[in-house]
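Quick notes on the structure that follows.
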Amino acid sequence: MDETFEMEQRHLSETYATLERLRDGLYEELEVKQKAAAADLKDMSEEVRPDFVGPDETLETLAAIETLNAVIDAYNQNHDFTLDKYRRVLVLLAQPYFAKVRLQMRPGKPARDLYIGAVGVNDERRNPVVVDWRSPVASTYYNQEMGPTSFYVDGKRRDVVLELRRQFDIVRDELRSYFDTTVAIQDSLLLQVLKHSRSERLQAITATIQREQNEVIRHADVPVLLVNGIAGSGKTSVMLQRIAYLFYEQRETLSPDQIHLLTPNDVFGSYISAVLPSLGEANPKIMTWDGLMAEQGLAGRASGADTPHESLMRMERAASAPGGLELSLDDFRAIVVDGIPLIKQSQAKASWDRFAKAKAGHRRAALARQDLHDKLDRRIARMARDSDMQEQMLSLDLDDQVRVFGGPITADTEDEAASLCRTYLAWRMGDAAHAAIEADEWLRIDRIGMRMLGTDSLSAAEWLWCRLVVAGGADRDARYVMVDEVQDYTLAQLEVLARLFPSAHFLLLGDENQAIREGTASFAELRELFGRTHGQVEECRLLTSYRSSPEITRLFLGVVGGVDGARPTSVRDEGTPVERHECASEQDYLSTLRELAREAAEAGAATGPSPSAEDGLTAFVVADDARARWIAKQLGDDARLLHAGDDLPATGAVVVPLRLAKGLEFSHVVVADAQADACPDTLLTRRRLYTAISRAMHKVTLVSEGPMAAFL
């Protein structure tokens with residue numbers, strides 16, 4: 001009998017019982033408090049008697065409402081705290097913890113056992129039941145240093161001795177296995193996890209974070225962190241764990257809407273969407289480049305992904321010329337609400353010209369906006385004394401009077417009527433007009449930008465850049481911007497991002513060998529750009545492949561001639577040799593592809609929803625959308641064409657263009673066009689093949705119609 005196993009199972013059972021007790025107690029607390037709060041608020045609200053007859057009565061009514069609001073806020077805060085702990089307990093009930101460390105905190109003192117899980121929870125007496133993997137002390141598990149090691153708390157180093165590093169395979173309250181690391185570092189849990197098939201969504205494997213990945217996750221918060229990693233090195237998982245770590249570190253100040261995560265495509269966004277919720281965290285704003293442009297109100301334009309960097313620089317030079325940016329009357333537009341001109345075109349130009357000593361940009365536009373706001377306020381004040389406007393105000397029904405003024409209105413004097421009318425006009429049109437001023441709707445950005453470039457249209461990137469250099473308008477609320485697959489962005493796109501989010505810290509993740517489009521920015525250009533805009537770029541390398549078998553890893557690294565510093569091996573066991581099918585005719589070629597698709601479909605039907613690793617999804621990866629449609633048509637019902645926005649199935653076969661395959665992984669990859677004619681020996685071709693091949697975990701099949709490319 002394994003006494004250690006029995007001891008750990010007993011501890012797990014006790015922990016699970018504690019978590020169930022906490023869950024039930026918190027649920028009851030939420031239920032009871034919610035009912036009590038509802039009753040209290042009902043009693044308090046009944047005590048509030050709306051009375052707007054006179055000034056004193058109005059003040060008393062507003063004070064009572066303010067007191068009620070303060071009580072509601074206190075109830076909400078307490079409810080949110082309890083609900084947050086309840087959610088964390090629910091996360092742990094699926095897997096209470098995944099690791100244990102035994103640490104001697106001080107010389108001569110007994111060692112302590114700490115159990116590490118996806119989130120941290122204390123019991124009723126505030127004793128730690130499970131330690132959050134993001135806590136400082138949990139870093140001793142990921143450091144993989146037996147014996148003397150250290151961790152940092154509030155910038156201060158704590159030296160400890162790691163006596164035991166134990167890993168667990170746990171499902172709910174069942175201990176399936178454990179692994180001890182006492183001398184050599186062997187991540188047995190990682191190897192076991194990698195043997196299981198991955199689902200159609202990326203899952204968080206927080207237990208298996210490796211040392212080089214942990215250094216990225218817990219890296220100091222710097223203006224720009226560039227993560228340069230080979231295919232399959234866990235860049236995307238690291239990015240998501242980094243976000244979870246930032247939430248933990250800045251729990252009181254960082255909200256999900258302050259983090260922007262740019263993904264290569266919608267399929268990839270769906271693929272990663274379950275990770276952070278599995279760690280008890282909300283997803284940030286996940287979007288593609290096109291989605292970001294749509295958020296800026298530019299959905300109807302060409303995205304600008306291929307905009308030349310020189311176009312942006314030409315507008316930059318024009319806006320910052322010594323003589324300043326000259327704008328004509330036609331470069332401005334009036335602000336009109338409800339058919340009433342509130343700011344004339346000439347007034348908008350006058351506000352801009354008033355600050356001619358300031359160059360175009362954020363400062364000049366801010367001064368012009370303030371001047372326009374002042375003009376608008378004066379315009380509203382004049383309109384408020386108009387008898388027709390006052391008549392319209394007085395004709396409001398009672399519901400609208402309560403909505404606008406908080407209660408019924410009376411005006412005994414002309415000044416009182418004008419004051420009330422100003423409030424009415426602000427509600428009816430003033431607020432909308434002020435918002436239009438802030439949104440720079442008084443500037444005709446299209447006309448200005450087209451004149452700068454000598455073109456008859458602007459892409460989304462050009463329009464946004466023109467607004468940024470002429471009027472500012474950067475997003476200063478964003479705290480972090482994460483860009484995955486950064487090697488696929490052009491210098492112009494990165495320049496727009498850097499200027500749009502000037503206050504944000506950037507995490508840039510990519511692999512130069514997966515740059516599959518002409519004209520994208522090199523990492524040297526990327527470092528120069530962000531060094532210029534954000535002042536500091538630090539870099540981490542990820543050089544170990546965890547996704548692919550050794551055979552596949554050797555193949556994709558060999559295609560590009562290797563990667564400096566990378567180990568051309570995999571942490572996985574040896575797997576299936578690479579298959580090559582060199583077909584003499586189109587008939588043989590299609591027959592081979594159909595047989596591969598049929599085998600994948602039959603394997604999927606046989607294994608059902610829980611396939612083994614080797615029986616997972618097969619992907620026929622091809623160069624572009626047109627080729628994907630043609631191949632899918634030839635394969636018929638045995639393979640499904642994957643579109644942007646689709647979820648990945650767990651089994652069977654899909655046909656996917658390379659642009660959608662990026663960032664995803666499949667059990668088996670079929671490179672359907674490995675012939676020499678389709679694969680000229682160029683750097684771009686080699687990178688495309690590197691990208692396609694490296695999507696595979698267990699098996700790669702190369703199929704060519706005619707002679708295969710020699711370097712394959």
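The values are calculated or read from the model by the stated rules, or taken from the named source; none is laboratory data. These numbers were taken from a predicted model, which means no experiment stands behind them. Glycine also receives a Cβ, built like all others from the backbone with ideal geometry; neighbour counts cover every protein chain displayed. With ligands, DNA and RNA removed, areas are computed over all heavy atoms of the protein, side chains included. Shrake-Rupley method; radii C 1.70, N 1.55, O 1.52, S 1.80 Å.
With the condition kept exactly as written, say whether any residue in the range 283-291 is open to solvent by less than 70 Å² (accessible area, probe 1.4 Å) and closer than 21 Å to ASP456 by Cβ. No, that holds for no residue.
Being in a helix (DSSP H, G or I), out of contact with any Pro (no Cβ under 9 Å at 6 or more places or on another chain) and among the aliphatic types (A, V, I, L, M) is a property that holds for LEU292.
Would you confirm whether any residue within the range 625-637 is under 27 Å from the mean Cα position of the chain (by Cα), of a type in the set (Gly, Ala, Ser) and open to solvent by 10 Å² or more (accessible area, probe 1.4 Å)? Checking the range 625-637: not a single residue is under 27 Å from the mean Cα position of the chain (by Cα), of a type in the set (Gly, Ala, Ser) and open to solvent by 10 Å² or more (accessible area, probe 1.4 Å). Here the range 378-387 is the region considered, the condition is being under 44 Å from the mean Cα position of the chain (by Cα) and free of Cβ contacts under 8 Å to residues at least 40 places away in the same chain, and the residue that is surrounded by the fewest Cβ atoms within 10 Å (Cβ to Cβ) is ARG378. Here the range 165-183 is the region considered, the condition is being in a loop (DSSP other than H, G, I, E, B) and not β-branched (Val, Ile, Thr), and the residue that is farthest from HIS219 (Cα to Cα) is ASP173.
Where strands (runs of 3 or more DSSP E) fall wholly inside the range 111-164, the ranges with 1 or more residues that are surrounded by fewer than 16 Cβ atoms within 10 Å (Cβ to Cβ) and modelled with pLDDT of 95 or more are 112-117.
Wholly within the range 458-570, which strands (runs of 3 or more DSSP E) include no fewer than the required count, namely at least 2 residues that are open to solvent by less than 10 Å² (accessible area, probe 1.4 Å)?
The strands (runs of 3 or more DSSP E) meeting that bar are 480-483, 505-510.
For the range 659-687, the set of residues classified as part of a helix (DSSP H, G or I) and surrounded by fewer than 22 Cβ atoms within 10 Å (Cβ to Cβ) consists of ARG659, LEU683, LEU684, THR685, ARG686, ARG687, listed by residue number.
Answer yes or no as to whether ASP306 is of a type in the set (Asp, Glu) and not in a loop (DSSP other than H, G, I, E, B).
Here the answer is no, as ASP306 does not meet what is asked.
Sub-9 Å Cβ pairs linking a first residue in the range 338-361 that is within 17 Å of ALA433 (Cβ to Cβ) to a second residue that is open to solvent by 50 Å² or more (accessible area, probe 1.4 Å) and in a strand (DSSP E or B), at least 6 apart or interchain, are LEU342/VAL336; ILE343/VAL336, ordered by first then second residue.
Of all residue pairs spaced 6 or more apart or on separate chains, those with beta-carbon atoms under 7 Å, a first member in the range 266-282 that is over 14 Å from GLN241 (Cβ atoms) and a second member that is open to solvent by less than 20 Å² (accessible area, probe 1.4 Å) and modelled with pLDDT under 75 are TYR271/LEU202.
Among LEU327, LEU276, LEU312, which is the only one that is hydrophobic (A, V, I, L, M, F, W, C), part of a loop (DSSP other than H, G, I, E, B) and open to solvent by less than 50 Å² (accessible area, probe 1.4 Å)? Checking each option against the conditions leaves just LEU327. Checking every residue in the range 418-432 against the condition of being in contact (Cβ under 8 Å) with a residue 24 or more places away in the chain, touching a His at 6+ places or on another chain (Cβ under 7 Å) and either of a type in the set (Val, Ile, Thr) or under 25 Å from ARG385 (Cβ atoms) (or both) gives zero matches. Each residue in the range 437-450 was checked for being open to solvent by 10 Å² or more (accessible area, probe 1.4 Å), in contact (Cβ under 8 Å) with a residue 12 or more places away in the chain and not in a loop (DSSP other than H, G, I, E, B), and 3 of them qualify.
Hey, any hits in the range 131-151 for a residue that's within 31 Å of the chain's Cα centre (by Cα) and of a type in the set (Lys, Arg)? Yes, some residue in the range 131-151 is within 31 Å of the chain's Cα centre (by Cα) and of a type in the set (Lys, Arg).
On inspection, ALA439 qualifies as within 30 Å of ALA318 (Cβ to Cβ), at pLDDT below 95 and among the aliphatic types (A, V, I, L, M).
For ARG134, the stated conditions hold: it is out of contact with any strand residue (DSSP E or B) (no Cβ under 9 Å at 6 or more places or on another chain) and under 19 Å from VAL160 (Cβ atoms).
Can you find, within the range 387-436, the residue that is modelled with the lowest pLDDT among those that are part of a helix (DSSP H, G or I) and polar (S, T, N, Q)?
Going through the range 387-436, the residues part of a helix (DSSP H, G or I) turn out to be 387-394, 398-405, 414-436.
After this cut, where a residue has to be polar (S, T, N, Q) as well, the list is 387, 390, 392, 401, 419, 423.
On the way: SER387: 92, GLN390: 92, GLN392: 91, GLN401: 88, SER419: 92, THR423: 93.
Residue satisfying both the conditions and the ranking: GLN401.
Scanning the range 413-428 for residues that are open to solvent by 10 Å² or more (accessible area, probe 1.4 Å), closer than 14 Å to ILE380 by Cβ and either over 51 Å from the mean Cα position of the chain (by Cα) or of a type in the set (Gly, Ala, Ser) (or both) returns SER419, ALA426.
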